[in-house]
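This report refers to the structure that appears directly beneath it.
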Amino acid sequence: MFESPTIAEFVTQSNLASTLPGTLLVAWTLLLVLVDLFAGDEREHWTPLGACLGLGVSFVANLFVYAPAADQQTALYGMFIADAFTGFLNIVILVATLLAVLMSRDYLMRAGIHRGEYYILTLLSSAGAMFMVAANDLIVVFVALELLSIPLYILAAFRSIKNDGGELALKSEESGMKYFILGAFSSAFLVFGAALVYGASGTTNIPQILEVAPAVVDAASSATFYLVVGTALLIVGLGFKVAVVPFHMWTPDVYEGAPTPVTALMSVTAKIGGFAALLRILVTALSVLLLVDGGVAAWQTTISIIAALTLVLGNFVAISQRNLKRMLAYSSIAHAGYIMVALAAAGTAGSADSATQGALVYILAYMFTNLGAFAVVMTIERVDGGGGNIDDITGLARSRPLLAMAMTIFMLSLTGIPLTAGFVGKFMVFAAAVQAGLVGLAVIGVLTSVVSAFYYMRVVVNMYLRDSSGELLPALETVYVRWAINIALAGTLIFGIFYPLASNLVSMVSIA
Amino acid sequence: MVPLWMYLAVAAALFSLGVFGALSRRNAVAVLMSVELMLNAVNINLVAFWRYSETSTDLLLNGYAFTAFVLIVAAAEAAVGLAIIITVYRNRRSVIPEEAAALKG
């Protein structure tokens, strides 16, 4: 019969200390709800400040938990894993959230809405991402994914405004509805896949799936079939979340309609969560899903095809976009493709570690650069939603030289020019792909990077070379978004110029 | 006893109906209902797999626990989703995503 565990056993098995970065953030956020309630008219100052402090507390907890121990430890009866992979991605998520909070402060001030729940939802969504990168069980993957997504649905629908004619000028609610419908649809695929994997292996724990998977594959029974179909459905469900072709069609609409700080946040944290889960499930649990003895993992071909399609479509469609947010949406699809290249490379036995490390460096570089680019877009965008077209940036170099310089560096980094962080990420991903024997995929990646230079450089050309109407562009932004740009710029340049820094940071990461 | 594959067939059929509904219905509320069908298909699958697995004992409740989480998350999702759909309806008098087509390109 069931015996209740002793206290000592409970303490060791639950090991709550190693879950602190995520749980502290959630606890802090719940306290912030009370602060927001009692702050009254002062809430527009106190809630964002409290949000930043909460991120700081979580950051410090993360350093304590992960810095000394390169060896992994599990928590909550094996459902949660704390290793270098989790610690690194937690830091990336926290920095991304800090930048998004700074941008949100600017956005809410200019729009004149002082709503504390905005920051609370932002922090909850980031906590979901932090649980997702630490998930060691399919149940946790699913629940954390929903904690990540549900606040983002609300944030995407946060603000719609009518113009003078009574027509909707900003399409935030529509964007939220589309995001919600596609998100719920994809979650159902994910959880159906998880159910089939559970049925095949008899467990939802990722390391235990690794143990039983070879026997399941060898048996060649109906369980093998469930495992393969379940893996495919998991890839579909998470593919929607990270926006890879052919599951990308919601991305441009949602990114364009959502408030810009929310777009910036979801283009980073949702992708981090999705890719972390994909890496854990495919590399850790299902690397033994070999259909040919001694071959590569069965999912490698599928992931390679998805990566190639994503790279080609994302980069080519971005060329024809006139709206900066839509262009960055297609560019973020393309960047998901580069991370997919690393994921495909992880399917070859022996190169899993280098590919995972490449993916992490790429995510770090993409986080700084993409948030910086969105912050610059915020500075030229009016609160009624207008002013975000590629022509509106014309002449920025004359009216705001430093801002134009920052945008140029972000565009160079997104293209992958040396001395920027984007180059280091691309270099590590392509090196891993070549090492894994996926030379064709690496060539596609390099060629599409060249294509991407076309639309990124068009932004630079518009800023520096085209004649503007003669008026100087007004400074619309507040000091907060300038800080966000400064931090993003520092990250892009530091990790680009001191290039061994990023690879040293991830050198302890191993999830295979 | 009813064999396992029958439960799985029912679940697969229900899931496919849900996918068909979500793709073919234009009304956002109907799409939400179809998604709920898909999630319930998952629940049938989970409980059936749990009941028929060799490790099913009173102690190993993975499948059951998973089902509970799916139910809870589905409820949370429906609450948020309906709230968003109602806001859209207030502004546009329509809950059909294609008619709310301010975003395209």
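Just so you know, all these numbers are worked out from the coordinates, no wet-lab data involved. Quantities reported herein were computed from a predicted structural model and do not represent experimental measurements. Neighbour counts run over all protein chains shown; Cβ positions are idealised from the backbone, glycine included.
Under the rule a/c < 1.5 gives rounded, and otherwise a/b versus b/c splits prolate from oblate, where does region A:399-500 land using the Cα gyration tensor?
Here region A:399-500 falls in the oblate category.
Taking only Cα atoms, what is the 0 to 90° angle, nearest 10, from helix A:138-156's long axis to the longest principal axis of chain A?
10 degrees
In degrees between 0 and 90, to the nearest 10, how far off the longest principal axis of chain A does helix A:421-435 point, with axes built from Cα atoms?
Roughly 30 degrees between the two axes.
Using a/c under 1.5 as the rounded threshold, could you call region A:166-299 rounded, prolate or oblate? The axes a ≥ b ≥ c are square roots of the C-alpha gyration tensor eigenvalues, and prolate needs a/b larger than b/c, oblate otherwise.
prolate
Compute the helix-to-body angle for A:479-497: its Cα long axis versus the longest principal axis of chain A, expressed 0 to 90° and rounded to tens.
Approximately 60 degrees, to the nearest ten.
When the helices in chain B are scored as -39500 (n - 2.57) per DSSP H run of 4 or longer and the sum is shared across all residues, what 222 nm value do you end up with, to the nearest 500 deg cm²/dmol? Can you show the working numbers first?
On the way: 3 runs with 77 residues, N = 105.
For chain B, the value works out to -26000 deg cm²/dmol.
Let me have the 222 nm mean residue ellipticity of chain A computed from DSSP H runs of 4+ only, each contributing -39500 (n - 2.57), with the sum over all residues rounded to the nearest 500.
-23500 deg cm²/dmol
Per residue, what volume in Å³ does the convex hull of the Cα atoms of region A:295-512 enclose?
Considering the Cα atoms of region A:295-512, their hull volume per residue is 114 Å³.
Within chain A, how many Lys pairs sit with Cα atoms under 27 Å apart, leaving out pairs fewer than 8 places apart on the same chain?
15
Under 8 Å for C-alpha pairs, at least 6 residues apart: give me the relative contact order for chain A, rounded to a whole percent. Can you show the working numbers first?
Details: 902 pairs, mean separation 75.3, N = 512.
Contact order relative to length: 15 percent.
Which whole-number percent gives the relative contact order of region B:4-99, counting Cα pairs below 8 Å spaced six or more residues apart?
It rounds to 31 percent for region B:4-99.
Would you list A:Phe88, B:Phe20 from fewest to most Cβ contacts within 10 Å?
B:Phe20, A:Phe88
Please list, in order, the residues from region A:305-319 whose amide nitrogen is less than 20 Å from a point placed 7 Å along the Cα→Cβ vector of A:Val434.
A:308
For the pair A:Arg382 and A:Arg458, what calculated FRET efficiency results from E = 1/(1 + (r/R0)^6), where r is the Cβ-Cβ distance and R0 = 25 Å, to the nearest 0.05?
0.70
With the convex hull built on the Cα atoms of region B:4-99, state its orientation-averaged projected area in nm². Don't jump to the answer; show the numbers that get you there.
On the way: hull surface 26.0 nm².
The orientation-averaged projected area of the Cα hull of region B:4-99 comes to 6.5 nm².
Tell me, what is the Rg over Rh of region A:292-373, with Rh the Kirkwood radius over Cα pairs?
1.07
What percent do you get for the relative contact order of region A:295-512 when only Cα pairs under 8 Å and 6+ apart count? Don't skip to the answer; put the middle values down first.
Numbers: 345 pairs, mean separation 63.7, N = 218.
That works out to 29 percent.
Taking square-rooted eigenvalues a ≥ b ≥ c of the alpha carbon gyration tensor, is region A:97-247 rounded, prolate or oblate, where a/c under 1.5 means rounded and, failing that, a/b exceeding b/c means prolate? Walk me through the numbers on the way to the answer.
On the way: a/c = 4.22, a/b = 2.30, b/c = 1.83.
Prolate, since a/c reaches 1.5 and a/b exceeds b/c.
Once Rh for region A:1-157 is found with the Kirkwood sum over Cα pairs, what is the Stokes-Einstein diffusion coefficient at 10 °C and 1.306 mPa s, in µm²/s?
Rounded to a whole number, D works out at 97 µm²/s.
Once you wrap a convex hull around the alpha carbon atoms of the protein assembly as shown, what is its projected area averaged over all directions, in nm²?
27.6 nm²
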